[in-house]
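Q: Please find one structure pasted underneath; my questions will follow.
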Amino acid sequence: MLRSSFTKTLTEAGCDEAGRGCLAGPVVAAAVILPKKYRHKRLNDSKQLCREEREELRYKIEKDAIAWAVAEVDHEEIDRIHILNASFKAMHLALDKLTVQPELLLIDGNRFNPYKDFKYECIIKGDGKYLSIAAASILAKTYRDELMNKLAKEFAGYGWETNVGYPTPEHRDGIRLLGITPYHRKSFTLLPEQLELFE
(Lines give C-alpha, C1' and ligand atoms only; values in the text may rest on other atoms or scores of the structure.)
Protein backbone atom coordinates (compact mmCIF):
# COMPACT_ATOMS: atom_id res chain seq x y z
CA MET A 1 0.00 0.00 0.00
CA LEU A 2 1.37 3.42 -0.99
CA ARG A 3 1.71 6.10 1.68
CA SER A 4 -0.78 8.93 1.71
CA SER A 5 1.73 11.60 2.73
CA PHE A 6 5.32 12.38 3.68
CA THR A 7 4.39 14.67 6.59
CA LYS A 8 1.37 14.85 8.89
CA THR A 9 0.60 18.54 8.54
CA LEU A 10 2.07 20.09 5.37
CA THR A 11 0.13 20.45 2.12
CA GLU A 12 2.09 18.26 -0.30
CA ALA A 13 2.18 18.21 -4.10
CA GLY A 14 3.42 15.04 -5.78
CA CYS A 15 5.27 15.67 -9.06
CA ASP A 16 6.23 13.31 -11.85
CA GLU A 17 6.85 13.35 -15.60
CA ALA A 18 6.26 11.12 -18.62
CA GLY A 19 8.14 10.86 -21.89
CA ARG A 20 11.70 11.53 -20.82
CA GLY A 21 13.07 8.56 -22.78
CA CYS A 22 10.99 9.11 -25.93
CA LEU A 23 12.42 9.93 -29.36
CA ALA A 24 9.50 12.19 -30.30
CA GLY A 25 6.92 14.46 -28.74
CA PRO A 26 6.94 16.55 -25.57
CA VAL A 27 7.85 15.70 -22.02
CA VAL A 28 4.75 16.06 -19.84
CA ALA A 29 4.65 16.64 -16.08
CA ALA A 30 1.88 16.71 -13.51
CA ALA A 31 1.52 18.04 -9.97
CA VAL A 32 -1.18 16.65 -7.67
CA ILE A 33 -2.32 17.60 -4.17
CA LEU A 34 -4.43 14.85 -2.58
CA PRO A 35 -6.42 15.14 0.65
CA LYS A 36 -4.62 14.10 3.85
CA LYS A 37 -5.16 10.43 4.73
CA TYR A 38 -6.32 9.76 1.17
CA ARG A 39 -6.67 6.07 0.38
CA HIS A 40 -7.03 4.16 -2.87
CA LYS A 41 -6.19 0.47 -3.21
CA ARG A 42 -5.44 0.49 -6.94
CA LEU A 43 -3.59 3.80 -7.23
CA ASN A 44 0.00 2.94 -8.13
CA ASP A 45 2.95 3.89 -10.33
CA SER A 46 1.53 4.33 -13.87
CA LYS A 47 4.06 1.81 -15.25
CA GLN A 48 2.44 -0.94 -13.12
CA LEU A 49 -1.01 -0.33 -14.62
CA CYS A 50 -2.59 -1.12 -17.98
CA ARG A 51 -4.00 1.64 -20.17
CA GLU A 52 -7.62 0.99 -19.09
CA GLU A 53 -6.67 1.18 -15.39
CA ARG A 54 -4.75 4.42 -15.94
CA GLU A 55 -7.68 5.99 -17.77
CA GLU A 56 -10.11 4.96 -15.04
CA LEU A 57 -7.81 6.29 -12.30
CA ARG A 58 -7.18 9.52 -14.19
CA TYR A 59 -10.81 10.60 -13.74
CA LYS A 60 -10.85 9.48 -10.11
CA ILE A 61 -7.69 11.53 -9.38
CA GLU A 62 -9.06 14.62 -11.14
CA LYS A 63 -12.27 14.30 -9.10
CA ASP A 64 -10.69 13.57 -5.71
CA ALA A 65 -7.61 15.85 -5.78
CA ILE A 66 -7.61 19.14 -3.90
CA ALA A 67 -5.70 20.53 -6.88
CA TRP A 68 -3.99 19.10 -9.96
CA ALA A 69 -2.28 20.43 -13.08
CA VAL A 70 -0.52 19.12 -16.18
CA ALA A 71 2.04 20.93 -18.34
CA GLU A 72 4.36 20.08 -21.21
CA VAL A 73 7.65 21.17 -22.75
CA ASP A 74 7.87 20.52 -26.47
CA HIS A 75 10.51 18.66 -28.50
CA GLU A 76 12.16 21.88 -29.73
CA GLU A 77 12.76 23.12 -26.21
CA ILE A 78 13.98 19.65 -25.18
CA ASP A 79 16.61 19.96 -27.92
CA ARG A 80 17.56 23.44 -26.71
CA ILE A 81 17.80 22.94 -22.95
CA HIS A 82 18.38 19.15 -22.54
CA ILE A 83 15.79 16.58 -21.51
CA LEU A 84 16.55 16.69 -17.77
CA ASN A 85 16.08 20.48 -17.60
CA ALA A 86 13.00 20.17 -19.78
CA SER A 87 11.53 17.62 -17.35
CA PHE A 88 12.11 19.99 -14.41
CA LYS A 89 10.70 22.92 -16.39
CA ALA A 90 7.53 20.92 -17.16
CA MET A 91 7.15 20.23 -13.41
CA HIS A 92 7.63 23.95 -12.66
CA LEU A 93 4.97 24.85 -15.26
CA ALA A 94 2.54 22.35 -13.72
CA LEU A 95 3.21 23.79 -10.25
CA ASP A 96 2.55 27.30 -11.63
CA LYS A 97 -0.94 26.16 -12.64
CA LEU A 98 -1.99 24.69 -9.26
CA THR A 99 -4.94 26.52 -7.70
CA VAL A 100 -3.76 25.61 -4.18
CA GLN A 101 -0.23 26.42 -3.06
CA PRO A 102 1.65 23.43 -1.61
CA GLU A 103 4.04 23.69 1.33
CA LEU A 104 6.19 20.72 0.28
CA LEU A 105 6.96 19.17 -3.11
CA LEU A 106 7.48 15.42 -3.44
CA ILE A 107 9.57 14.85 -6.57
CA ASP A 108 9.91 11.48 -8.25
CA GLY A 109 13.62 10.80 -8.82
CA ASN A 110 16.94 11.82 -7.33
CA ARG A 111 17.34 15.36 -8.74
CA PHE A 112 15.34 18.55 -9.16
CA ASN A 113 15.87 22.19 -10.05
CA PRO A 114 14.44 24.14 -7.08
CA TYR A 115 11.07 25.76 -7.66
CA LYS A 116 10.94 29.32 -6.24
CA ASP A 117 11.72 28.93 -2.51
CA PHE A 118 9.57 25.84 -2.01
CA LYS A 119 10.81 22.97 0.16
CA TYR A 120 11.11 19.69 -1.72
CA GLU A 121 12.04 16.06 -1.23
CA CYS A 122 13.46 13.93 -4.04
CA ILE A 123 12.24 10.36 -3.68
CA ILE A 124 13.75 7.60 -5.82
CA LYS A 125 10.95 5.44 -7.26
CA GLY A 126 8.56 7.75 -5.46
CA ASP A 127 5.72 6.83 -7.81
CA GLY A 128 5.71 3.41 -6.14
CA LYS A 129 5.87 4.86 -2.60
CA TYR A 130 3.58 7.91 -2.33
CA LEU A 131 0.02 8.27 -3.60
CA SER A 132 0.43 11.89 -4.73
CA ILE A 133 3.46 11.03 -6.90
CA ALA A 134 1.67 7.96 -8.30
CA ALA A 135 -1.31 10.20 -9.12
CA ALA A 136 0.99 12.68 -10.88
CA SER A 137 2.58 9.83 -12.86
CA ILE A 138 -0.87 8.69 -14.05
CA LEU A 139 -1.99 12.18 -15.11
CA ALA A 140 1.31 12.87 -16.93
CA LYS A 141 1.22 9.50 -18.69
CA THR A 142 -2.45 9.57 -19.75
CA TYR A 143 -2.24 13.19 -20.96
CA ARG A 144 0.89 12.44 -22.99
CA ASP A 145 -0.48 9.18 -24.43
CA GLU A 146 -3.59 11.04 -25.59
CA LEU A 147 -1.45 13.67 -27.26
CA MET A 148 0.75 11.10 -29.03
CA ASN A 149 -2.33 9.18 -30.19
CA LYS A 150 -3.55 12.35 -31.93
CA LEU A 151 -0.14 12.83 -33.57
CA ALA A 152 -0.17 9.17 -34.69
CA LYS A 153 -3.15 9.96 -36.93
CA GLU A 154 -1.16 12.74 -38.58
CA PHE A 155 2.09 10.75 -38.84
CA ALA A 156 1.38 7.11 -39.61
CA GLY A 157 4.10 4.48 -39.85
CA TYR A 158 5.90 5.07 -36.54
CA GLY A 159 3.56 3.12 -34.27
CA TRP A 160 2.95 6.09 -31.98
CA GLU A 161 -0.57 4.82 -31.22
CA THR A 162 1.08 2.02 -29.21
CA ASN A 163 4.70 3.09 -28.48
CA VAL A 164 3.78 6.79 -27.88
CA GLY A 165 7.23 7.85 -29.09
CA TYR A 166 9.44 5.41 -27.18
CA PRO A 167 12.34 3.79 -29.09
CA THR A 168 10.68 0.50 -30.09
CA PRO A 169 11.81 -1.50 -33.16
CA GLU A 170 8.64 -0.36 -34.97
CA HIS A 171 9.39 3.30 -34.25
CA ARG A 172 13.00 2.97 -35.40
CA ASP A 173 11.90 1.11 -38.55
CA GLY A 174 9.56 4.02 -39.28
CA ILE A 175 12.44 6.49 -38.96
CA ARG A 176 14.58 4.38 -41.32
CA LEU A 177 11.82 4.12 -43.93
CA LEU A 178 10.14 7.52 -43.66
CA GLY A 179 12.77 9.80 -42.08
CA ILE A 180 11.98 12.02 -39.12
CA THR A 181 8.86 14.08 -38.44
CA PRO A 182 8.75 17.67 -37.17
CA TYR A 183 8.07 16.17 -33.71
CA HIS A 184 11.27 14.11 -33.39
CA ARG A 185 13.92 15.20 -30.87
CA LYS A 186 16.98 15.94 -32.98
CA SER A 187 19.32 15.92 -29.97
CA PHE A 188 18.49 12.26 -29.32
CA THR A 189 20.13 9.21 -30.92
CA LEU A 190 17.20 8.36 -33.16
CA LEU A 191 18.90 5.37 -34.77
CA PRO A 192 21.68 3.28 -33.18
CA GLU A 193 23.80 3.64 -36.35
CA GLN A 194 24.26 7.32 -35.51
CA LEU A 195 26.72 6.20 -32.84
CA GLU A 196 29.18 5.29 -35.59
CA LEU A 197 29.39 8.96 -36.58
CA PHE A 198 30.96 9.82 -33.22
CA GLU A 199 33.56 7.05 -33.07
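The values are calculated or read from the model by the stated rules, or taken from the named source; none is laboratory data. Here the structure is a predicted model, which means the values were calculated and not measured. Methodologically, a virtual Cβ is constructed for each residue, glycine included, from the backbone with ideal geometry; neighbour enumeration extends over all protein chains shown. Ligands, DNA and RNA are excluded from the accessible area calculation, which covers all protein heavy atoms including side chains. Shrake-Rupley method; radii C 1.70, N 1.55, O 1.52, S 1.80 Å.
Q: Quick one: helix 51-64 against the long Cα principal axis of the chain, what's the angle to the nearest 10°, folded into 0 to 90?
A: Taking Cα atoms only, the helix is inclined about 40 degrees.
Q: Now for a different question. How fast does segment 85-153 diffuse by Stokes-Einstein, in µm²/s, taking the Kirkwood radius from C-alpha pairs at 25 °C and 0.890 mPa s? Before the final figure, lay out each step's value.
A: Details: Rh = 13.1 Å.
Once the numbers are plugged in, D ends up at 187 µm²/s.
Q: So for segment 1-93, averaging the separation of alpha carbon pairs under 8 Å that are six or more residues apart and normalising by length, what relative contact order in percent results? Each step should come with its number before you reach the end.
A: Values: 119 pairs, mean separation 33.3, N = 93.
Averaging sequence separation for qualifying contacts and normalising by length gives 36 percent for segment 1-93.
Q: List the GluC sites (Glu not before Pro) within segment 1-107 that fall in a DSSP loop (any state other than H, G, I, E or B) and whose Cβ has at most 14 other Cβ atoms within 10 Å. Display every interim value, and only then the final one.
A: Numbers: sites: 12, 17, 52, 53, 55, 56, 62, 72, 76, 77, 103; in loops: 103.
Taking segment 1-107 and a limit of 14 other Cβ atoms within 10 Å, the loop GluC sites (Glu not before Pro) found are 103.
Q: Tell me, what does the Kirkwood hydrodynamic radius of segment 124-199 come to in angstroms if you use every pair of distinct C-alpha atoms? Could you put the intermediate results ahead of the total?
A: Working: mean 1/r = 0.0706 Å⁻¹.
After inverting the pairwise mean of 1/r, the radius is 14.2 Å.
Q: Okay, next question. Over its Cα atoms, what ratio of radius of gyration to 2.2 N^0.38 Å does segment 9-88 give?
A: 1.23
Q: Let me ask something else about it. For the Cα atoms of the chain, what angle does the longest principal axis make with the long axis of helix 169-178, in degrees from 0 to 90, nearest 10?
A: 50 degrees
Q: Tell me the net charge near residue 63. Cut-off is 14 Å between Cβ atoms, residue 63 excluded, with +1 for each Lys or Arg and -1 for each Asp or Glu.
A: Details: positive: 58, 60; negative: 55, 56, 62, 64.
Summing Lys/Arg as +1 and Asp/Glu as -1 gives -2.
Q: Would you mind telling me the share, in percent, of accessible area of the chain contributed by carbon and sulfur at probe 1.4 angstrom? Walk me through the intermediate numbers first.
A: Details: 5370 of 10250 Å².
Roughly 52 percent of what the probe reaches on the chain is carbon or sulfur.
Q: Give me the net charge of residue 151's neighbourhood, meaning all other residues with Cβ under 12 Å from the Cβ of residue 151; Lys, Arg count +1, Asp, Glu -1. Mind showing how you got there, number by number?
A: Numbers: positive: 144, 150, 153; negative: 74, 145, 146, 154, 161.
Neighbourhood net charge equals -2.
Q: Same structure, new question: Taking only the C-alpha atoms, wrap a convex hull around segment 1-55 and report its volume per residue in Å³ as a whole number.
A: Numbers: hull volume 5.9 nm³, N = 55.
For segment 1-55, the hull spanned by Cα atoms encloses 107 Å³ per residue.
Q: So, one more: For the chain, take N as its residue count and report Rg(C-alpha) divided by 2.2 N^0.38 Å. Don't skip to the answer; put the middle values down first.
A: Values: Rg = 17.3 Å, N = 199, 2.2 N^0.38 = 16.4 Å.
Relative to the rule-of-thumb radius for its length, the chain sits at 1.05.
Q: Multiplying the sequence separation of residue 4 and residue 173 by 0.36 nm and subtracting their Cα-Cα distance, what value in nm do you get? Walk me through the intermediate numbers first.
A: On the way: separation 169, 0.36 × 169 = 60.84 nm, distance 4.29 nm.
Roughly 56.5 nm would be gained on extension.
Q: Can you give the accessible area per residue of the chain, in Å², using a 1.4 Å probe? All intermediate terms of the calculation are to be shown ahead of the outcome.
A: Details: 10250 Å² over 199 residues.
Per-residue accessible area for the chain comes out at 51 Å².
Q: Quick check: net charge around residue 21, other residues with Cβ under 13 Å of its Cβ, Lys/Arg +1 and Asp/Glu -1?
A: On the way: positive: 20, 47, 141, 144, 185; negative: 17.
Summing Lys/Arg as +1 and Asp/Glu as -1 gives +4.
Q: Based on alpha-carbon atoms only, what is the radius of gyration of segment 39-150 relative to the globular estimate 2.2 N^0.38 Å? List each step's numbers first, then the result.
A: On the way: Rg = 13.9 Å, N = 112, 2.2 N^0.38 = 13.2 Å.
Compared with the compact-globule rule of thumb, segment 39-150 sits at 1.05.
Q: Please give the contour-minus-distance gain from residue 53 to residue 93: 0.36 nm per residue of separation, less the Cα-Cα distance, rounded to one decimal in nm.
A: Values: separation 40, 0.36 × 40 = 14.40 nm, distance 2.64 nm.
Result: 11.8 nm gained on full extension.
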